[in-house]
Amino acid sequence: MSDISADGLDANGLVLAADGTPLKRSLARAMRRQKLRALLLVAPLLIFVLLTFIVPIASMLFRSVENDIVSNTLPNTVQELGRWDASTSELPPEPVFEAMFFDMFIAAEAKRHTRLGTRLNYEQTGISSLFRQTGRKLDDIGKVTKKPLEAFDSAWKDGETWYAIFNAGDAPASKNLMKSQRGLLKRLTSDPASGDVNFSPRADVTKLLPKAAREYTAWAIFTAVQDEKDPATRDPWESVYTALILDLKTADLSGYTGPNEDLLKAAQAADLPVPAFSEAFADMDKDWATPVPWKTIQTHSGLYTSGYFLNAIDAQKTDDGVAWQPENKQILLKLFGRTLIMSLIITGSCIMLGYPIAWLLSNVSARNANLLLILVLLPFWTSLLVRTSAWKVMLQQNGVINEVLVWIGLVPDAERLILINNQFGTIVAMTHILLPFMILPMYSVMSTIPPVYLRAAKSMGATNWTAFWRVYFPQSIPGIGAGSILVFILSIGYYITPEIVGGTKGVFISNRIAYHISSSLNWGLAAALGTILLVVVLALYWAYDRIVGIDNVKLG
Amino acid sequence: MKLTKTLLATTALTVAAGMVNADGHMSSELTIVSWGGAYSASQKGAYHDPYAEANGVTIINDDSSAEAVAKLRAMSEADNVTWDVVDVVAADAIRLCDEGLAMEIDADTMLADAPDGTKASEDFGDLLVSDCFIPQIVYSTTFGYRTDLVGDTAPTTVCAVFDTDAYPGKRALEKRPINNMEWALLCDGVAKGDVYDVLATQEGQDKALAKLDTIKDDVIWWSAGADTPQLLADGEVIMGSTYNGRLFAAIEEQKLPVAMLWDAQVFDLDGWIIPTGLSPERQARALDYIMFATDTQRLADQAQYISYGPARKSSAPLVGKHISLGIDMAPHMPTDPNNAKNTFLYNYEFWADYRDDIDAKFQAWLAK
């Protein structure tokens with residue numbers, strides 16, 4: 001404390017606090033504590049918003065690029081297809097078909113092949129049933145190898161025979177294979193696949209019979225974890241038989257000693273037939289004998305995809321780059337455009353209708369203003385559906401408005417006006433529903449404008465119009481801005497009203513999003529459409545800020 | 001699986017013995033999801049109330065079937081399936097099965113035999129369109145017309161819908177391609193057996209849309225089943241498609257001047273699925289309920305409340321009179337021989353494949 005001078009400065013001339021620490025640091029500490037306290041106060045809300053709002057939205061938006069289902073379901077096929085040159089318009093080579101057989105077999109056992117079929121059907125019509133039917137018929141290929149092997153020696157009918165060959169017991173085990181197959185099943189079924197299996201693959205057999213060991217391990221884990229059965233006594237899948245016959249064609253068993261070695265060597269000597277996978281697939285469905293499904297799998301095999309975003313703007317990902325959808329399927333860009341234009345029209349008509357009402361509200365006595373305000377808010381107290389359905393009763397061809405027009409003779413009976421199931425209907429109903437969102441901010445801004453300004457302008461010789469346009473209107477712009485942003489953003493995402501009164505030409509992009517969420521289950525595309533909509537809104541907000549200035553928006 | 005079968009065997013025994021089930025293995029609550037309205041009411045009368053009474057179970061109704069597929073998927077992803085039994089149309093059951101969201105049902109062991117001992121798989125026959133689907137009713141999408149607004153000659157074929165000269169006025173069609181495309185092709189001269197082959201081609205789809213184009217200005221498109229009866233009642237349309245039960249209610253209960261045009265009605269199925277991922281107790285309860293609710297007598301009972309045909313062959317002779325109107329229900333069933341002279345069966349496989357593709361084209365055409 002000795003080097004503090006009387007005026008509270010230290011030797012370097014810094015201002016010090018009472019306890020001797022530099023004032024700057026002391027202030028920073030106090031501020032930090034205050035900020036922390038403020039943060040603690042808002043923490044419940046922050047966590048609530050984060051968990052219930054930000055996280056779900058982010059995870060939903062993430063679906064627009066997520067595509068790991070293809071490589072999780074068909075890992076080996078995707079790898080093999082990577083080497084295939086799709087542009088030659090030839091079929092992929094035999095190893096691809098083989099990989100597909102084994103991948104598909106496990107996927108079908110886990111009932112995940114149909115899910116992948118649904119995913120790929122979004123890109124190529126027909127794949128859904130192709131996968132479903134292939135899953136059903138896959139056993140038949142397996143039986144081609146199972147039957148001869150069992151007929152050759154009935155010991156192969158016993159689950160114990162297989163278990164003795166592949167289980168390590170006291171011999172060294174292949175931990176890698178076990179780990180990779182557990183990982184495969186985990187990704188395939190989104191089940192942790194971590195339970196005790198009562199099996200570990202024998203290392204030397206894994207080296208000698210790699211495919212069979214791979215398939216047997218997958219089967220053993222699946223049986224133990226998913227079916228909760230002991231693999232030691234059960235027959236393996238047909239695919240294990242097929243894998244063994246394939247391995248025996250090339251394996252060198254001469255130096256091998258282990259359980260059932262004679263059985264294996266005898267089976268190798270018997271030279272049992274292997275199925276021709278490409279022919280077997282073509283037999284199951286002729287589509288497999290065309291490059292189309294293979295190209296689709298190859299094109300959409302990445303972990304992440306731009307496919308959904310391309311679909312969302314009427315384009316598609318093909319094996320040779322990005323292309324537009326055929327013209328008769330292009331609809332989404334048109335709907336985006338229509339949504340924006342109609343939202344603008346609705347915002348405009350809300351301004352036109354709302355401005356005089358807001359002006360009236362702010363210029364009548366407080367008692368009358370309250371009464372009027374209740375009238376403005378009254379529609380809020382009825383359900384949205386009821387209000388929309390009421391418009392149906394009003395606007396339809398035998399509805400109230402047409403009946404009145406015909407009755408007073410303005411419109412001939414045969415030419416009743418079409419007021420609903422078109423854009424007009426949507427605009428009318430939505431303007432009505434969103435009007436309070438325009439009136440309220442306008443009213444709260446207008447009620448702060450002192451009426452003396454108008455009187456002053458008039459006393460200095462301004463006409464009514466000049467006084468309004470030059471003096472009053474500029475002061476009410478923040479209210480218009482706030483109301484417009486509210487109405488525009490609400491209407492851009494509107495769904496139920498356009499659905500009910502919009503007919504065919506008055507529907508919005510949100511109606512397609514709803515369709516893809518609840519009917520077609522194409523959540524990736526729905527997420528992409530939602531993301532685009534969000535970006536458009538943010539861009540417009542940014543543009544508004546640049547042009548009008550967001551400071552110019554007031555809610556009161 | 002084994003557990004389920006054991007449980008099933010025990011419950012089958014207790015049910016057979018007609019005892020009140022105090023089995024600790026089954027949950028005492030059952031959440032059943034259905035379509036709401038008159039349809040849920042019919043299920044309540046025919047299945048829920050008798051079952052709840054016999055077993056002391058609380059049944060909770062949830063009218064969410066319209067969004068069942070999307071909601072079940074979301075529930076399954078959140079690992080929190082709160083529904084036990086869900087009523088869906090067959091096409092949705094196929095999709096739920098494909099997605100692994102519905103459990104597979106072995107009809108012969110999990111569903112009741114017919115009274116004469118016929119196995120369930122045979123009694124339901126071709127209607128078991130998916131491994132996960134337990135059929136309940138046959139309904140049809142067909143046309144109704146205003147008898148007072150169609151002139152002197154009432155329409156007799158579905159092609160009257162496309163004949164705006166003979167029958168001027170608006171028609172109501174569903175805002176989706178399914179059924180409309182088939183009717184358009186039929187009325188464009190395509191033979192019934194060829195419809196789906198034609199519709200699988202680009203030319204065929206164009207042909208169907210071109211046919212629909214001829215009446216596009218005269219159509220009001222509906223998206224909820226209640227729309228058409230309302231539009232008919234208001235005189236907004238002279239004819240329109242909807243589910244036959246809705247038209248039955250308009251004709252017999254509300255006494256509107258409406259008649260049915262059964263020609264080229266499209267048969268579709270509605271039934272139950274049990275979601276995957278239920279706890280053993282809840283699954284056992286759901287299976288027990290299903291065993292009860294889809295037996296021959298129960299399915300026939302439902303027809304006392306609503307004009308949808310029971311999915312079992314053995315239920316048809318047991319269909320009686322409407323419970324409050326007292327009229328014979330058999331002539332109002334879509335499956336009645338007089339009504340089923342010319343019918344069409346919804347092709348599930350085709351629409352599972354082509355739904356997204358054709359829907360995009362259909363919506364693009366609508367927006368033109």
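Since every read-out is calculated from the coordinates, none of them should be taken as a lab result. Computed from a prediction, not measured in an experiment: that's the story for all the values here. Cβ sites come from the backbone with ideal geometry, for glycine too, and all protein chains shown count toward neighbours.
General observations
- P(r) tail fraction, the range B:58-99 - alpha-carbon pairs more than 16 Å apart, %: 34 percent
- When the listed pairs A:LYS207/A:LYS295; A:LYS179/A:LYS207; A:LYS137/B:LYS313; A:LYS329/B:LYS71; A:LYS111/A:LYS317; A:LYS392/A:LYS505 are checked against a 25 Å cut-off, the alpha-carbon distance exceeds it for A:LYS207/A:LYS295; A:LYS137/B:LYS313; A:LYS329/B:LYS71; A:LYS111/A:LYS317.
- Charge-dipole axis of chain A as Lys and Arg at +1 and Asp and Glu at -1 on Cβ define it, positive-most pick from A:VAL400, A:ALA18, A:THR504: A:ALA18
- Mean separation of Cα pairs under 8 Å and 6 or more residues apart, divided by the residue count, gives the range B:22-80 a relative contact order of 45 percent.
- P(r), alpha carbons of the range A:332-552 - 10 Å bins starting at zero, rounded %: 8, 26, 30, 23, 12, 2, 0
- Value of Rg to Rh for the range A:75-297, rounded to two decimals, is 0.97; Kirkwood radius and Rg both from alpha-carbon coordinates.
- Cα-centre dipole for the protein assembly as shown with unit charges at Cβ (Lys and Arg positive, Asp and Glu negative), debye to 20: 4380 debye
- Whole-angstrom gap from the range A:459-512 to the range B:295-339, using each part's C-alpha centre: 55 Å
- Exposure proxy order (Cβ contacts within 10 Å, fewest to most) of A:LEU378, A:LEU525, A:LEU344, A:LEU454: A:LEU378, A:LEU344, A:LEU454, A:LEU525
- Panel values: the range A:409-540, Kirkwood radius from alpha carbon pairs, Stokes-Einstein at 4 °C and 1.567 mPa s, translational diffusion coefficient 71 µm²/s.
- Cα-derived Rg over Rh, computed across chain B with Rh taken as Kirkwood radius: 0.99
- Ordering A:SER64, A:SER362, A:SER383 by the number of other Cβ atoms within 10 Å of each residue's own Cβ, fewest first, gives A:SER383, A:SER362, A:SER64.
- Positive dipole terminus of the protein assembly as shown, leading residue within A:ALA276, A:MET104, B:ALA78 (C-beta point charges): B:ALA78
- Considering helices alone, the calculated mean residue ellipticity of chain B at 222 nm is -10500 deg cm²/dmol, with DSSP H runs of length four and up weighted by -39500 (n - 2.57) and normalised per residue.
- With a cut-off of 12 Å between beta carbons, the residues surrounding B:LEU185 carry a summed charge of -3, where Lys and Arg count +1 and Asp and Glu -1.
- Given +1 at the Cβ of Lys and Arg, -1 at the Cβ of Asp and Glu and no other charges, the dipole of the range A:75-297 around its Cα centre is 740 debye to the nearest 20.
- Toward the positive end of the charge dipole of the range A:117-254, with +1 on the Cβ of Lys and Arg and -1 on the Cβ of Asp and Glu, the farthest Cα among A:THR118, A:ALA173, A:GLY135 is that of A:THR118.
- FRET efficiency for B:THR58 and B:ASN338, using Cβ-Cβ distance with R0 set to 51 Å, rounded to 0.05: 0.75
- Residues with amide H under 5 Å from that of B:VAL219, placed H, sequence gap 5 or more: B:ARG171
- Spatial extent of the range B:287-336: Rg and Dmax, with the Cα atoms as the point set, Å: 10.7, 34
- Dipole magnitude (debye, nearest 20) for chain B, charges at Cβ of Lys, Arg, Asp, Glu: 400 debye
- Scattering curve values for the protein assembly as shown, log₁₀ I(q)/I(0), Debye with Cα scatterers, q = 0.06 Å⁻¹: -0.57
- Over all pairs of different C-alpha atoms, the range A:312-395 has a mean inverse distance whose reciprocal, the Kirkwood radius, equals 17.2 Å.
- Loop exposure criterion: GluC sites (Glu not before Pro), DSSP state outside H, G, I, E and B, at most 15 other Cβ atoms within 10 Å. Applied to chain A, the longest stretch between such sites is A:229-556.
- GNM result for chain B, Cα springs below 10 Å: residue of B:THR147, B:THR156, B:THR109 fluctuating most strongly: B:THR156
- Ranking of A:LEU272, B:LEU72, A:LEU120 by neighbouring Cβ atoms within 10 Å, starting from the fewest: A:LEU272, A:LEU120, B:LEU72.
- Counting Lys and Arg as +1 and Asp and Glu as -1 over every other residue whose Cβ lies under 12 Å from the Cβ of A:GLU403, the net charge comes to -1.
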